[in-house]
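Take a look at the structure below.
The numbers here are math on the coordinates, done by the rules we state, and not lab data. Fair warning: this is a prediction, and the values are worked out from it, not measured in the lab.
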Amino acid sequence: MLKEFKKGFLSNLVYFIPKSNHNPTDIKQILTSHPEIQFVSLMGVDLRGNDTDEKIPVKTFLDDIDKFLEFGIQTDGSSVVLHNIATLNDAKVDILPDKSVNWFVDYNFENLDDKTGLPVGTLRIPSFLVHNNKMVCSRSILKKSIDNFKNKILNLLSENKYVLKTVGIDNFQDIEEVLLTSATELEFWVKTPENKADEEKLSTSQNLKEQYWKRTQGIVRTALEKTIWLIEKYGVNPEMGHKEVGGIRSTIGVTGKSKHVLEQLEIDWQYSNALQAADNELIIRNLVTDVFQSHGLEVSFLAKPIEGVAGNGEHTHLGVAVKLTSGKIINLFSPIDMKKEYLSPIGFGALMGILKNYEVVNPFVTSSNDALNRLKPGFEAPVCIVSSLGKSTEIPSRNRSILVGLIRDIENPLATRFELRAPNPLSNTYLVLAASYQTMLDGIKYSLKNQKTSKELEIEFSKKPGEKSGYLEINRQYRSEEDVFEFYTEEERNELFGLPPKTVWDNAKNLDLCKEKREVLIEGNVFSCEIVNSFKESIIDQWLTELKDRILGENMEIIRSCKKLHNHENVSDLDVVTWEQIYQLKCYLMKDKINQKSLFTKIRNAIDDKNYDLVSILQIEMNEKIKELKELYSVYKRNLF
């Protein structure tokens, strides 16, 4: 339906209501002037990143607008992910509107208003989830982290005035406001329905770089252009859309339309304040899905929707600045002389903080089986806790193998920021940002309270394993200007940068094992113990459910699809031997005997016994065996006529 509308027609719609209009008078005027907006929805975001969407008729909303804006609505806690918080015997959750950010209008282009002929709209109001008078949602945690960071950084600047001149501020009294800025880059796959991926063709196309930044065509081009146009209408300021590394060329059917579409795309937009940036991402994900589906294309934001080829990342940018009373903006990460120093003491402290404490940030970044499938060496996906500054201050780093990238432009100090490269489109951006700012603040405290200079911090940050540090761990290395996948062996990487988690359990249990780092999250009452435990339980529950009820089933289908294809004619001894290897592997994975359990049964039993360490070990073995099986079967088929 969307493709039938002309742009001039769509320009008459209201796409967002800025915070300056969040008062009963303005809201009533806007909604009564646009009868196509027929519903209101309060958008709370639970701990798994799911957003609520209830349809409240506009008339009901306007009849009691003051009450709605003040007290919101109530919902059943079973409809949101708040493990051990909204329990069956204490399930009531309030949803309270947030009047400090933009509100968006979500249009259903498949449903037209009878009177105006315009698509029916729903005013989506970003909101907070409240349980027993306590905010318990992802949005509220990010808001608390923002408030905590702003208050603490002002105190640190006031108490350690030496650092002001390192960033170009004359007097502390000149600071009017602290600005936390963020942005995300959204990658996604699009395909025609029922189109099955040929992993070998995709891998070959990727290696040949046949798709990366190439010209889009047909319905993909049309959908991408309309998406970018609509993003601008929502006030989000798109920067670009382009093809990513993954994909193969589509073909044209007899009707003249594209078929067998399978492409990877990316859309970028300008930064905003941290809370608005996370809200923008939610809205744009829905917008991308709606526009591409209206053109007959399926969209996947999964981190690794297709094994063996590039996954979907979502690089998350983090910046900190201050606005002076004069109106001037000062980037707190940029030194006075960009040619002499990489970062200010504040910038170095922030970078060291997030890397030192990453074990408790990672569970929020990488919280699912799918997310961990993407984080494997060889696909430009970071698995090591390491950063790069650049081989000199005049040559910015372009190292794509590290976890946190330093983005800097010598001619534009306002551009200095950090790029966290591990998140994917389904990471909970609210919690990723909250955890990142909490850990960055921890490093800034160390830097400023110890009166560190940029040069001193550069030396400390560039330490080798075994060298002492006032803040960083002795046995770790945190900087590498080399390709960490090519320059180091896996054993060296694990020793230098720490052992990366291979399963959700490996990641989740760090929230208990790294107690001092966990306290960094809780500092300032941003993450409570209750919230951390609830989140941990939610990702463990999802991990086990997916593993038992989905992944095992999918792997069983893979095993069953590996059928004997050769007969007595034209068969070689290699075919016989290879098939026997395949058959034995299939039995080991799936076939129980009277006195021997298959690997799949062992996994089910370990889940039932709640032996999560064993489940984790067995899952790793299963992944390796399934990969071995697929490779063997591919070799087997290639040798048959």
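Spelling out what I want: for every residue of segment 513-518, take phi, set θ = phi - 60°, compute 6.51 cos²θ - 1.76 cosθ + 1.60 (Karplus), and round to whole Hz; glycine and proline get x.
Values, residue by residue: 6, 9, 5, 5, 6, 4 Hz.
Please list, ordered by chain and number, the residues whose modelled amide H lies under 5 Å from the amide H of V320; skip anything fewer than 5 residues away on the same chain.
Here the answer is T181, L332, F333, since their amide H atoms fall under 5 Å of that of V320.
For n ≥ 4 DSSP H runs only, could you compute -39500 (n - 2.57) per run for the chain, divide by its residues and tell me the 222 nm figure to the nearest 500?
-12500 deg cm²/dmol
Output the Kirkwood hydrodynamic radius of segment 422-467, Cα pairs only, in Å rounded to one decimal.
In segment 422-467 this quantity evaluates to 12.8 Å.
Whole-Hz Karplus ³J(HN,Hα) for segment 617-629, in order, using 6.51 cos²θ - 1.76 cosθ + 1.60 and θ = phi - 60°, x for Gly and Pro?
4, 5, 5, 4, 4, 4, 4, 5, 5, 5, 4, 4, 4
Once amide H atoms are built 1.01 Å from N in the peptide plane, which residues 5 or more positions from F16, or in another chain, come under 5 Å H to H?
Hits under the 5 Å cutoff: V105.
So for segment 541-638, Kirkwood radius off the Cα pairs, Stokes-Einstein at 20 °C and 1.002 mPa s: how many µm² s⁻¹?
Translational diffusion coefficient: 148 µm²/s.
Rg and Dmax of segment 323-395 over Cα atoms: what are they, in angstrom?
16.7, 49
Any number yet on Rg/Rh for segment 2-135, C-alpha, Kirkwood? Mind dumping the intermediate values first?
Details: Rg = 16.1 Å, Rh = 15.9 Å.
Over the Cα atoms of segment 2-135, Rg/Rh equals 1.01.
Mind listing the long-range amide H neighbours of S469? Cut-off is under 5 Å, sequence gap 5 or more, other chains count too, H placed in the peptide plane at 1.01 Å from N.
The answer is none.
With a ≥ b ≥ c taken as the square roots of the eigenvalues of the C-alpha gyration tensor of segment 431-517, please select rounded if a/c is under 1.5 and otherwise prolate if a/b is larger than b/c or oblate if it is not?
It comes out oblate by the Cα gyration axes.
Rounded to whole Hz and in sequence order, give me ³J(HN,Hα) for segment 427-441 from the Karplus expression 6.51 cos²θ - 1.76 cosθ + 1.60, θ = phi - 60°, writing x for Gly and Pro.
Each residue's phi maps through the Karplus curve to give 5, 7, 4, 4, 6, 4, 5, 4, 5, 5, 5, 5, 6, 4, 4 Hz.
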